[in-house]
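Below you'll find the structure, written out as structure tokens, and then a few comments.
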Amino acid sequence: MVEFTKKEAFARQLAIFIRNEDRQRAYELSKEFVNAHPDEMLAHFLLALAAYRLDKYDEAKIEGRKAFNLASSADDMLVTALLTSSAYYNKGEYTQGYELLKTIEKRKSTDELQKRMFVFAMALNKSDEAVYHMDQLFKLNESMAADMVLKMLGL
């Protein structure tokens, strides 16, 4: 097996594993990436992604939070929050996932974020907040919101 030292080399090889859906190898290399570059947001994000795809949601939550905390831009925070919230959702930890999404909503709001927040609000029986997020989603992406409503109605 080839040994990587530079973060770019890790990222390139991981992109190949992820694209080819070689989940176990992506997971193993992601762990090496984190060990070699523990302060690198991308390393923790890719490990969270690889863990998530192997249904290792607890590890995905931990690594996703690390990536979120290391993120330097709103875009990086958003992508890490979306992934990490998915792990929380799969563990039934709706409050933690929703709170993480609220943190990023203050910095950047997107249609995908509002969609995810709507789902969490519904899971938490927070109907007023769910309506708010659906309204925000309609403002950002009317087509996505309409599709979501139709699916909820079974149409």
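The values are calculated or read from the model by the stated rules, or taken from the named source; none is laboratory data. These numbers were taken from a predicted model, which means no experiment stands behind them. Cβ atoms come from the backbone with ideal geometry, glycine included; neighbour counts cover every protein chain shown.
At least 3 residues being of a type outside the set (S, T, N, Q) and without any contact (Cβ under 8 Å) to a residue 24 or more places away in the chain is the threshold, and among the helices (runs of 4 or more DSSP H) wholly inside region 65-155 those reaching it are 94-105, 111-123, 127-140, 142-152.
Selection of region 29-46 for residues being over 20 Å from Ser72 (Cα atoms) and either of a type in the set (Val, Ile, Thr) or loosely packed, with under 15 Cβ neighbours inside 10 Å (or both) yields only Asn35. With respect to Ala121, is the statement that it is outside the structural domain of Met144 (by TED's automatic domain parsing) and either surrounded by fewer than 19 Cβ atoms within 10 Å (Cβ to Cβ) or in contact with a helix residue (DSSP H, G or I) (Cβ under 7 Å, 6 or more places away or on another chain) (or both) true? Against the criterion (outside the structural domain of Met144 (by TED's automatic domain parsing) and either surrounded by fewer than 19 Cβ atoms within 10 Å (Cβ to Cβ) or in contact with a helix residue (DSSP H, G or I) (Cβ under 7 Å, 6 or more places away or on another chain) (or both)), Ala121 does not qualify.
The listed residues are Glu28, Glu40, and the only one of them that is of a type in the set (Asp, Glu) and under 26 Å from Glu105 (Cβ atoms) turns out to be Glu40. Against the list (1) within 13 Å of Leu83 (Cα to Cα); (2) over 18 Å from the mean Cα position of the chain (by Cα), the condition Ile16 fails is (1). Among the candidates Leu54, Leu82, Leu49, the residue that is within 13 Å of the chain's Cα centre (by Cα), surrounded by fewer than 22 Cβ atoms within 10 Å (Cβ to Cβ) and closer than 29 Å to Asp22 by Cα is uniquely Leu82.
Pull up region 1-53, narrow it to residues that are acidic (Asp, Glu) and not in a helix (DSSP H, G or I), then point me to the one that is farthest from Arg65 (Cα to Cα). Among those residues, the one meeting the criterion is Glu3. Of the numbered criteria (1) surrounded by 12 or more Cβ atoms within 10 Å (Cβ to Cβ); (2) under 17 Å from Gly64 (Cβ atoms), the one Lys126 fails is (2). Screening Ser72 against (1) under 13 Å from the mean Cα position of the chain (by Cα); (2) more than 27 Å from Tyr132 (Cβ to Cβ) leaves a single unmet condition, (1).
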